[in-house]
1. Are there GluC sites (Glu not before Pro) in region 5-86 that DSSP puts in a loop and that have at most 15 other Cβ atoms within 10 Å, and which ones?
2. How large is the Kirkwood hydrodynamic radius of region 1-86, in angstrom, based on all distinct alpha carbon pairs?
3. Counting only pairs 8 or more residues apart or on different chains, how many lysine pairs in the chain have their Cα atoms under 21 Å apart?
4. Determine one quarter of the surface area of the Cα convex hull of the chain, which equals its mean projected area, and express it in nm² to one decimal.
5. Could you run the Karplus curve 6.51 cos²θ - 1.76 cosθ + 1.60 with θ = phi - 60° over region 5-19 and give me ³J(HN,Hα) per residue in whole Hz, x for Gly and Pro?
6. Which percent, nearest 5, of DSSP beta bridges in the chain are antiparallel?
7. Restricting to DSSP loop positions (anything but H, G, I, E, B) with no more than 11 other Cβ atoms inside 10 Å of their own Cβ, which chymotrypsin sites (Phe, Trp or Tyr not before Pro) remain in region 46-150?
8. Debye calculation, C-alpha points only, no solvent: report log10 I(q)/I(0) for region 63-122 at q = 0.27 Å⁻¹, in the same order as the q values.
Amino acid sequence: MSSNSKIALFIDGANLYATAKTLGFDIDYRRLLKEFRGRDGVLLRAFYYTAVIEDQEYTSIRPLIDWLDYNGYTVVTKAAKEFIDASGRRKVKGNMDIELAVDAMELAEHIDQMVLFSGDGDFRSLVEAVQRRGVRVTVVSTISSQPPMIADELRRQADVFTDLIELRPLIARELPTR
């Protein structure tokens, strides 16, 4: 890609969190932004998508959302739906796929490269649609876990697949030294 290539990051928050946890590390979002700002091209946007439980006074993701919002990310949230499943357990459902897809399609005409942090196979048709608009798509997830965290059809559709384990030295949160 040329140095004037326009890049946008689309982060499926819950999916990236689960993938990093499976690989045994936490994401340092400051380092992640720095890594993609340091690449060839101009980072236009870094979107982070997550569902939040609205009626809770405090949620563990709130400090992260606030930090991201103040530090260069466009944070997209929506209220998660709580329900009781068939076995009587309380479950939370908060799918952000549509919001991510709409934003990606709207931005497609303004970018040259899209980096999608998700392994969700539901995004295959989005990747294909964005590619038809001339955008190169990199998908970041992992095949280093058992089972892999990326759907095979999404990995095959991407122009470039990057295993999150390869980015670990560049974007992992450093543990405090004692």
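Bear in mind that the values in this text are calculations on the coordinates, not laboratory data. All values derive from a computational prediction rather than experimental measurement. Neighbour counts run over all protein chains shown; Cβ positions are idealised from the backbone, glycine included.
1. Those that pass, being in a loop and sparsely packed, are Glu54, Glu57.
2. About 14.6 Å, per the Kirkwood formula over Cα pairs.
3. So the count of such lysine pairs works out to 7.
4. So the mean shadow area of the Cα hull is 12.1 nm².
5. Taking θ as phi minus 60°, the curve returns 5, 9, 10, 10, 9, 10, 10, 7, x, 5, 5, 5, 4, 5, 5 Hz for region 5-19.
6. Among the beta bridges of the chain, antiparallel pairing accounts for roughly 15 percent.
7. Listed in order of number, the matching sites are Tyr58.
8. Debye curve over Cα of region 63-122, log10 I(q)/I(0) at q = 0.27 Å⁻¹: -1.22.
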